[in-house]
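*Asks:* Below is the structure I would like to discuss, written out as structure tokens.
The values are calculated or read from the model by the stated rules, or taken from the named source; none is laboratory data. Keep in mind that this is a model prediction, so the values were computed, not measured. Glycine gets a Cβ as well: all are built from the backbone with ideal geometry, and neighbour counts include every protein chain shown. Ligands, DNA and RNA are stripped out before the accessible areas are found, and what is left, the full protein with its side chains, is counted by its heavy atoms. Shrake-Rupley method; radii C 1.70, N 1.55, O 1.52, S 1.80 Å.
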Amino acid sequence: MLDHVAVGQDSAPILTKKVQYALANPTKILNFIRLRQPQRIDARRALSAGPGARSRLDQLRFQEHHLEHHIAHIASAYYCSPWEKAAGFSYDGSGDFVSTMMARCEGTSIEVLERVFLPHSLAAYTP
């Protein structure tokens, strides 16, 4: 039985940075909004896809947790590792307005130490 599912979609912790970027870059904000429209994931539908999906959809009773994109990356690596303590690092082009995250992982907790916000990202660079 599946009790919990984590989905890397929670932009609340970085909402202030998004608003600051929009106010400082009004000419870029429309393009930014078009390119970065979040796609809401329905975990129950995704996990029940395929033959017999309707019957399985009713059986899925897990609790869904939404968390930041990069925390999802770090957690998926750390919680499957044999270590009780580790440094967490995630880097990609843009995971919900953050390109890089560094964290301290210990026991069952992940403490975010640093976030690098857009537009600061090598992958997102356009001359």
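*Asks:* Filter segment 57-82 down to residues that are assigned to a loop (DSSP other than H, G, I, E, B) and open to solvent by less than 30 Å² (accessible area, probe 1.4 Å) and give me whichever is farthest from V7 (Cα to Cα). Steps first, answer last, please.
*Replies:* The first filter runs over segment 57-82 and keeps only residues assigned to a loop (DSSP other than H, G, I, E, B), leaving 60-62, 67-68, 79-82.
Those left that are additionally open to solvent by less than 30 Å² (accessible area, probe 1.4 Å): 62, 68, 81.
Details: F62: 12, E68: 8, S81: 19 Å.
Per the criteria, the residue is S81.
*Asks:* Pairs, please: C-beta under 7 Å, at least 6 apart or cross-chain, first residue without any contact (Cβ under 8 Å) to a residue 40 or more places away in the chain and in segment 100-115, second of a type in the set (V, I, T) and in a strand (DSSP E or B)?
*Replies:* T100/V116; M101/V112; A103/I110; A103/V112
*Asks:* Quick one: count up the residues across segment 83-111 that are modelled with pLDDT under 95, in a strand (DSSP E or B) and within 16 Å of A6 (Cβ to Cβ).
*Replies:* So the count comes out to 3.
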